[in-house]
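Down below is the structure, laid out as structure tokens.
The values are calculated or read from the model by the stated rules, or taken from the named source; none is laboratory data. The shown structure was predicted, so the numbers you read here are calculated from the model rather than taken from an experiment. Cβ sites come from the backbone with ideal geometry, for glycine too, and all protein chains shown count toward neighbours. Remember, those area values only see protein heavy atoms, side chains included, never the ligands or the DNA or RNA. Shrake-Rupley method; radii C 1.70, N 1.55, O 1.52, S 1.80 Å.
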Amino acid sequence: MDTLQQPAGFIPADRIAAIEVSEILAIGARANAMKRDGKPVIILGAGEPDFDTPDHVKQAACDAIMAGATKYTNLDGTPELKAAIKGKFARENGIDYALDEITVATGAKQILFNAMMASLNAGDEVIIPVPCWTSYIDIVKIAGGTPVIVETAAADGFKLTAAALGAAITPRTKWVLLNSPSNPTGAAYSEADYRPLLDLLLDHPQVWLLVDDMYEHIVYDNFRFVTPVQLEPRLKDRTLTCNGVSKAYAMTGWRIGYAGGPKGLIKGMAVVQSQATSCPSSVSQAASVAALNGPQDFLLDRKDSFRRRRDLVVDALNAIPGITCRRPEGAFYTYAECGGVLGKRTPDGKVLETDRDFCAWLLETAHVAVVPGAAFLASPCFRISYATSEAELTEAMARITRACATLQG
């Protein structure tokens, strides 16, 4: 009698075998579990504005529902939303994209995924400066490409230099991926920062540029936001300019990202999207039209609130011995170096050897959740998202200060 074969356990595909769920999400899950257990945890991990979606945007969604706009739309964006995006690029960035040079997807992450899946062959290289949002790296891997990690330094404002970029480019380089303002550092590229990078790319016509401008509207201290094609139109035919409504308009859950780029690439991205998600939500697209075409004055008030929070956090961190934090130009993150507290001993005798140790200790003892720099491939550091109330930030900084004062050695 044949022996019955036991079913095999799940074996992941090679493309995802070495990829894990985001460490940021794991930290958030642990922090939320502690809150459910009654611990007074303050979570400074999520990259999500604490403001609400503007009322006129919510009303546009309600109107769309009542008008029956609940069916499939054009594959990569309604004509109305593409027209609003075209107007935004022209009005705010001085870039003229035709409607067939614009794509809309279910969040900016899908824009990035579509672009990599449409363009990368096995062994193609993508240059990614770190610290970075690590989804960039994992998306490249899933698409069969090879991430080329280039370290940046706090002394350079955590920005890629032309010398480092030039050293990283090889005959296999397909893309350079830049994010300004940046997650996790808040660093933003000025025209002077971009210029040598763009000049170098002009000398390497095989290399494409993907720029993630998601935090465009969250910049401080009279910093002037610029995007590469705005500065160097000669790169337009090999640049994908990505953006979305998530951060500026507090629409993270609506899941709408968009981009402008060369027609061939946009068409290839549509092929990928057609076999993945098809069109984005019809209701979310209607809301995004209202966001892009509607009043923008509230953005200034929200930006000013973020600036006050930034200064509160940066000043408090720099007052803690062993921690240093540069004042970021944009986004709503600080990225502090914590090497000065590593090697020290906690009151219960544990030696903090890594930034992961430090962040885990803060969560367990001070009940403050922050993200270690190791999650962004740059240690010893930690990221704070200050997209929460000033009252919570004040309490969180007080807890971190008190906890660090107990360290010995």
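Before moving on, here are some points about what is shown:
- Residue 255 open to solvent by 10 Å² or more (accessible area, probe 1.4 Å), touching a Gly at 6+ places or on another chain (Cβ under 7 Å) and closer than 17 Å to residue 109 by Cβ: yes
- Subset of segment 379-398 (residues that are assigned to a helix (DSSP H, G or I) and either modelled with pLDDT under 95 or open to solvent by 40 Å² or more (accessible area, probe 1.4 Å) (or both)): 390, 391, 392, 394, 395
- Total residues in segment 152-186, condition farther than 22 Å from residue 229 by Cα, in contact (Cβ under 8 Å) with a residue 24 or more places away in the chain, assigned to a loop (DSSP other than H, G, I, E, B) and aliphatic (A, V, I, L, M): 0
- In the set (1) at pLDDT below 95; (2) out of contact with any Phe, Trp or Tyr (no Cβ under 9 Å at 6 or more places or on another chain); (3) within 17 Å of residue 331 (Cα to Cα), the condition left unmet by residue 155 is number (3).
- Single match in 343, 349, 409, 373 (criterion: within 26 Å of residue 182 (Cβ to Cβ) and either surrounded by 15 or more Cβ atoms within 10 Å (Cβ to Cβ) or out of contact with any Cys (no Cβ under 7 Å at 6 or more places or on another chain) (or both)): 373
- Applying the criterion of being in a loop (DSSP other than H, G, I, E, B) and free of Cβ contacts under 8 Å to residues at least 60 places away in the same chain to the residues of segment 40-90, the residue that is least open to solvent (accessible area, probe 1.4 Å) is 68.
- Exclusive hit being under 15 Å from residue 24 (Cβ atoms) and either of a type in the set (A, V, I, L, M, F, W, C) or within 20 Å of the chain's Cα centre (by Cα) (or both), set 377, 342: 377
- Meets criteria (in contact with a helix residue (DSSP H, G or I) (Cβ under 6 Å, 6 or more places away or on another chain), open to solvent by 50 Å² or more (accessible area, probe 1.4 Å), of a type outside the set (Ser, Thr, Tyr) and at positive phi) for residue 94: yes
- Residue match in segment 313-320 (condition: touching a residue at least 12 places away in the same chain (Cβ under 8 Å), among the β-branched types (Val, Ile, Thr) and in a strand (DSSP E or B)): no
- Cβ-Cβ under 9 Å pairs, at least 6 apart or on other chains, segment 341-354 side over 17 Å from residue 321 (Cβ atoms), far side of a type in the set (A, V, I, L, M) and surrounded by 15 or more Cβ atoms within 10 Å (Cβ to Cβ): 351/342; 353/342; 354/342; 354/374
- For residue 28, the criteria (1) modelled with pLDDT under 95; (2) at positive phi; (3) not hydrophobic (A, V, I, L, M, F, W, C) hold in every case but one, which is (2).
- Filter pass, residue 263 being of a type outside the set (A, V, I, L, M, F, W, C), surrounded by fewer than 17 Cβ atoms within 10 Å (Cβ to Cβ) and touching a helix residue (DSSP H, G or I) at 6+ places or on another chain (Cβ under 7 Å): yes
- Near pairs, Cβ below 9 angstrom, 6+ apart or cross-chain, from segment 113-129 (touching a residue at least 24 places away in the same chain (Cβ under 8 Å)) to any residue that is assigned to a helix (DSSP H, G or I) and charged (D, E, K, R): 118/267
- Residue count for segment 98-130 under the criterion of being touching a Phe, Trp or Tyr at 6+ places or on another chain (Cβ under 9 Å), open to solvent by 10 Å² or more (accessible area, probe 1.4 Å) and outside any helix (DSSP H, G or I): the result is 4.
- Scanning segment 322-333 for residues that are in a helix (DSSP H, G or I) and either among the acidic types (Asp, Glu) or modelled with pLDDT of 95 or more (or both) turns up nothing.
- Among all residues of segment 191-202, there is at least one that is open to solvent by less than 10 Å² (accessible area, probe 1.4 Å), of a type in the set (Ser, Thr, Tyr) and part of a helix (DSSP H, G or I).
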